[in-house]
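Quick notes on the structure that follows.
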Amino acid sequence: MFGTYANEDDIRFHTIGVLVDNEPGVLARVIGLFSGRGYNIKSLTVAEVNPEENLSRITIVTSGTAQIIEQIKAQLSRLVPVHNVRDMTLDGPRVEREVALLKVKGRGNKRVEALRIADIFRARAVDSTNESFVFEIVGNTEKLNAFIGLMAPLGLVDVARTGVVAMGRGVEALLGMMSD
Amino acid sequence: MPKEEFSGAEIVLKALKDQGVDTVFGYPGGVTLPLYDEIYKQNFLRHILTRHEQGAMHAAEGYARSTGKVGVALVTSGPGATNTVTGLTDAMMDSIPLVCLTGQVPTGLIGNDAFQEADITGITRACTKHNYLVKDVADLARVMHEAFFVAANGRPGPVLIDLPKDVLMDQAQYIEPAKAKPRSYKPQVKGDAKAIEKAVKMMAKAKRPIIYAGGGVINSGPKASKLLTELVAKTGFPVTLTLMGLGAVPASDPRFLGMLGMHGTYESNMAMHGSDFMLCVGARFDDRVTGALDSFAPQAKKVHIDIDPSSINKNILVDVGIVGDVGAVLGEMMKQWKALKAVPDGKALKNWWADIDTWRARKCLSYKKSGKMMRPQFVLEQLREACQGKDVFFTTDVGQHQMWSAQYLNIEKPNHWMTSGGLGTMGYGMPAALGVQVAHPKSVVVCVSSECSIQMNLQEFATAVQYGLPVKVVLLNNGFMGMVRQWQELFYGERYSETRMEVHPDFVKLAEAFGALGIKVEKSTELKKAYEKMLAYDGPVIIDARIDPTENVFPMIPAGHPHNDMILGPGDTVETANDEEDVVLA
């Protein structure tokens, strides 16, 4: 902790997990901290994970120099409703997933091609009309980006993404769903 | 038998009592009527009715800073609440523990743009340590106690509780403080023993050490100041203090080099710049302290003690960061220093002090006493002498007079110096002095201000007179917004754009209009008598001291310059040229 950093000016992406009290304003506090101090948010997801203990989990993908990333974690930690902050990027191997829904409009060859690529990416068609599909795809950010890129020339008209959720691999629950 | 129930207003009062609160500063309004009705019915709580909610906030700050207790303000919804924003931000920047209770429209009307409705939890989210909107009276007691815990523990700060009118009238059970600890907020008090040991070993090796301490020492309590003074004596290290830290080490301590930073002494800034080891205690490497970041104490190994982990490595990367309460960490440091039988490098220290003495010999705070008009420095030196031997608390407003006060008043004790450091709030001084005087009725409380700053919360003279609070206000009146004028002179080609107010009230008559005493002083020879009269008078006093408008604050490090690049007096210039960015006051 608090050492000097190698390559301190490099901009890096970090996935940060935050366990918070599920109370009004908590998300505004987190977002306000990022905007007020000029930090970046690449993606942010939040949902209740433990209704009995009234806890929610926020996953933020952010970028900055090592010093900025340290600051972001320290600033998050000092918010009163925050129980625990973990830097998933530093904690070791992890699984990161995102869900996207894509609407692709088209007929003929483009439509067939869209279906074929969806199959390769293990995307599912969850809605269909004679001239459109809605695909659901699960994966990490790169996979989703690649899929969306391939769909663009095939009649892509609408995209919705959830943002990243993450969990460390292995037996340990570094950011559990309990308050302690 | 079911447990007894109380109204929300009664619960607020019970919680204040259990938290040891005996004074609130406030201003009533429509939605806080139930609370004011309860205040009417009881005796333990003294309510000081200010003339403006901002006054109530700064008074609560002065009260808190001078006692170490949590200051409490109580205001109504809408404009009452929005008027607290400056005070909250001020307390946030300077780490002052406050609980601010705001009224709110009834829960059913929230979001309807009701009369005197403001989303004050939304507005103050960025300028409070935490805030609450209590929608259910069942949560009220817990929230009250939690707010006091959060305000006072960790790095102190302001906490706001928004109280809808119906919640104040609804009934619920009361919960004792012990049963209402927050479940997530657990600040680290004790420092990491290994890090402390490492720091102690670095201290023993230091050849050109400096201790740089700040407001965190004051916030930690008088014990921390005592420990710091002991550490300074034990090690023989020189010590410098930030604006917020003044009083943490007595100004008369021979090892105290004076304040550091933009208007710090030559010797403290040179010692910072030349040091090979820096122990930063409860300070935060503020830009007014560091100057240019890339040439800040370039050779120094740095140890930083702070209760707020986000302060460490924020502006300056340090070699050892110790998260913990300053008092606890300094205590442990002393223990380890003794246990390791550490001794400072005497020979190196002797050389280091010889360097420092050369810098001291420049006498950077000397000034020309002659001249037609009074010198502000002389006005303050005389004030200091007039107050000698008395238990005196000083507050200031913001600007040149504030910097001169920091340089010339020589604060001897912690909690005896109240100033708006981080936010730089003009209008802070007078209401803050009221809060100090309420807490210390027998002491002398002096607010050093200026003809401009004082007019930002002038209305509070009426409060002083109403409650018989004999605060003494000394105006360094130079007819200008002096600090901005100084920058215009030095960096904007003497184009004095809008820094002169051509009309000021007659402060003597003004004092009389409020029922206070006013004294105008134009000659140095009249000062002593004026101060005698001021101190003998049993009531609020304004001294209108007319000073030389051309006098500037020196030494000065222009913004963005390194510590060894100081302007020592008129005619002196810095070596490196200014660029556009340097000359921005903010």
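The values are calculated or read from the model by the stated rules, or taken from the named source; none is laboratory data. Fair warning: this is a prediction, and the values are worked out from it, not measured in the lab. Neighbour counts run over all protein chains shown; Cβ positions are idealised from the backbone, glycine included. For the accessible areas, the whole protein counts, side chains as well, though only heavy atoms, and no ligand, DNA or RNA atoms are used. Shrake-Rupley method; radii C 1.70, N 1.55, O 1.52, S 1.80 Å.
Interface residues of region B:301-341, defined as those losing at least 10 Å² of solvent-accessible heavy-atom surface relative to the isolated chain (probe radius 1.4 Å), are listed as B:Asp308, B:Pro309, B:Ser310, B:Ile312, B:Asn313, B:Lys314, B:Leu317, B:Val318, B:Asp319, B:Gly321, B:Val323. Accessible surface of A:Arg111, taken over heavy atoms with a 1.4 Å probe and every protein chain present, rounds to 60 Å². Within the shell of other residues whose beta carbon sits under 12 angstrom from the beta carbon of B:Gly371, the net charge comes to +3, with Lys and Arg scored +1 and Asp and Glu -1. Counting heavy atoms of the protein chains alone, B:Lys301 has an accessible area of about 110 Å² for a 1.4 Å probe.
The protection proxy used here, the mean number of other Cβ atoms lying within 10 Å of each residue, ranks peptides B:42-49, B:400-407 as follows, highest first: B:400-407, B:42-49. Ranked from largest to smallest solvent-accessible area, with a 1.4 Å probe on the protein heavy atoms, A:Ile41, B:Ile218 come out as A:Ile41, B:Ile218.
DSSP beta bridges fully contained in chain B are about 5 percent antiparallel. For region B:454-501, the normalised intensity computed at q = 0.28 Å⁻¹ comes to -1.01 (log10 of I(q)/I(0), Debye sum over alpha carbons, equal scatterers, no solvent).
Placing R0 at 30 angstrom, the Cβ-Cβ distance between B:Thr550 and B:Val465 gives a FRET efficiency of 0.30 after rounding to 0.05. Set against the 2.2 N^0.38 Å expectation for a compact globular protein, the protein assembly as shown has a Cα radius of gyration ratio of 1.06. Its Cα centre serving as origin, the protein assembly as shown has a Cβ charge dipole (Lys and Arg +1, Asp and Glu -1) of approximately 1860 debye.
Paramagnetic label reach from B:Glu532 (point 7 Å along Cα→Cβ; backbone nitrogen cut-off under 16 Å): within region B:424-451, no residues. Neighbouring Cβ atoms from other chains, within 10 Å of the Cβ of residues in A:16-25, number 2 on average.
Within the accessible area of the protein assembly as shown, the carbon and sulfur atoms contribute 52%, probe 1.4 Å, all protein chains present.
Rounded to the nearest 0.05, the FRET efficiency derived from the C-beta distance between A:Val112 and A:Thr65 at R0 = 35 Å is 0.15.
Adding -39500 (n - 2.57) for every DSSP H run of four residues or longer, then dividing by how many residues the protein assembly as shown holds, sets the calculated 222 nm ellipticity at -10000 deg cm²/dmol. Just report the Cα centroid separation between region B:411-468 and region B:25-51, whole Å. Centre-to-centre distance over Cα atoms comes out at 22 Å. Shown here are the Rg and Dmax of the Cα trace of region B:6-179, at 14.2, 41 Å. Segment A:Thr162..A:Ser128, full-extension length gain: 10.1 nm, with 0.36 nm per residue of separation and the alpha-carbon distance subtracted. In region A:95-165, one over the average inverse separation of all distinct C-alpha pairs is 11.9 Å, which is the Kirkwood hydrodynamic radius. Under a 5 Å amide H cut-off, with hydrogens placed 1.01 Å from N, B:Cys447 pairs with B:Thr395, B:Lys472, B:Val473, B:Val474 among residues at least 5 apart or on other chains. With a Förster radius of 35 Å applied to the beta-carbon distance between B:Lys372 and B:Ala513, the computed FRET efficiency rounds to 0.70. Shielding of peptide B:120-126 by partners, expressed as the average count of other chain Cβ atoms within 10 Å per residue Cβ, is 3. Amide hydrogen proximity for B:Ala118: with H placed 1.01 Å from N in the peptide plane, the residues at 5 or more positions away or on another chain lying under 5 Å are B:Gly78, B:Val105. Ranking A:Val164, A:Ala114, A:Leu150 by Cα position along the charge dipole of region A:95-165, where only Lys, Arg, Asp and Glu carry charges on their C-beta atoms, puts A:Ala114 farthest toward the positive end. How far is the Cα center of region A:110-152 from the Cα center of region B:161-229, in Å? Their Cα centres are 54 Å away from one another. Think of chain B as a dipole: +1 on every Lys or Arg Cβ, -1 on every Asp or Glu Cβ, centred on the Cα centre; then among B:Met556, B:Trp404, B:Pro298, B:Pro298 lies furthest on the positive end. When DSSP beta bridges are limited to those with both residues in the protein assembly as shown, what percentage is antiparallel, rounded to the nearest 5? About 45 percent, rounded to the nearest 5. Place a point 7 Å from Cα of B:Arg362 in the direction of its Cβ. Which residues in region B:525-555 have their backbone N less than 20 Å from it? Correct set: B:552-555. Computed from backbone phi with θ = phi - 60° and the Karplus coefficients 6.51, -1.76 and 1.60, the 3J(HN,Hα) list for region A:150-160 is 6, 7, 3, x, 9, x, 5, 10, 7, 9, 10 Hz; x is used for glycine and proline.
Shape call for region B:330-434 from the C-alpha gyration tensor, a ≥ b ≥ c root eigenvalues: rounded (a/c under 1.5), prolate (a/b greater than b/c) or oblate? Note, shape of region B:330-434 comes out oblate. Over 29 Å between Cα atoms: which of A:Lys73/B:Lys413; B:Lys69/B:Lys533; B:Lys129/B:Lys165; B:Lys413/B:Lys472; B:Lys14/B:Lys186; A:Lys73/B:Lys165 fall into that group? Exceeds cut-off: A:Lys73/B:Lys413; B:Lys69/B:Lys533; A:Lys73/B:Lys165.
For the protein assembly as shown, the solvent-accessible area of protein heavy atoms averages 42 Å² per residue (probe radius 1.4 Å; ligands and nucleic acids excluded).
Along the Cα-to-Cβ line of B:Lys442, 7 Å from the Cα, sits a label point; which residues in region B:33-75 have backbone N less than 19 Å from it? Flagged as within label range: B:66-68. Leaving ligands and nucleic acids aside, the B/A contact buries around 2000 square angstrom of accessible area in total at a 1.4 Å probe radius. Computed extension gain for B:Asp506 through B:Leu49, at 0.36 nm per residue and net of the alpha carbon distance, reaches 161.9 nm. Protection proxy ranking for B:413-424, B:157-168, A:125-136, B:455-466, using the average of other Cβ atoms within 10 Å per residue and placing the highest first: B:157-168, B:413-424, B:455-466, A:125-136.
The alpha carbon gyration tensor of chain B gives principal lengths a ≥ b ≥ c with a/c of 1.5 or higher and a/b no greater than b/c, which makes the shape oblate. Between the listed residues B:Leu49, A:Ala74, B:Leu241, the Cα displaced farthest toward the positive end of the dipole of the protein assembly as shown, a dipole computed from Cβ unit charges relative to the Cα centre, is found at B:Leu241. Ordering B:188-196, A:18-26 by mean Cβ neighbour count within 10 Å, with the highest value first, yields A:18-26, B:188-196. Which of the residues in region A:78-100 lose at least 10 Å² of accessible area when you go from the chain alone to all protein chains together (probe 1.4 Å)? Going by heavy-atom accessible area, the residues of region A:78-100 that drop by at least 10 Å² are A:Arg78, A:Val80, A:Val82, A:His83.
Let a ≥ b ≥ c be the square roots of the eigenvalues of the Cα gyration tensor of region A:1-87; is it rounded (a/c under 1.5), or, if not, prolate (a/b larger than b/c) or oblate? Taking the square roots of the gyration eigenvalues as a ≥ b ≥ c, region A:1-87 is prolate.
Around the amide H of A:Asn22, modelled in the peptide plane, lie the amide H atoms of A:Leu55, A:Ser56, all under 5 Å away and 5 or more residues distant in sequence or on another chain.
Spatially, region A:23-63 and region B:235-312 are offset by 36 Å when compared through their Cα centroids.
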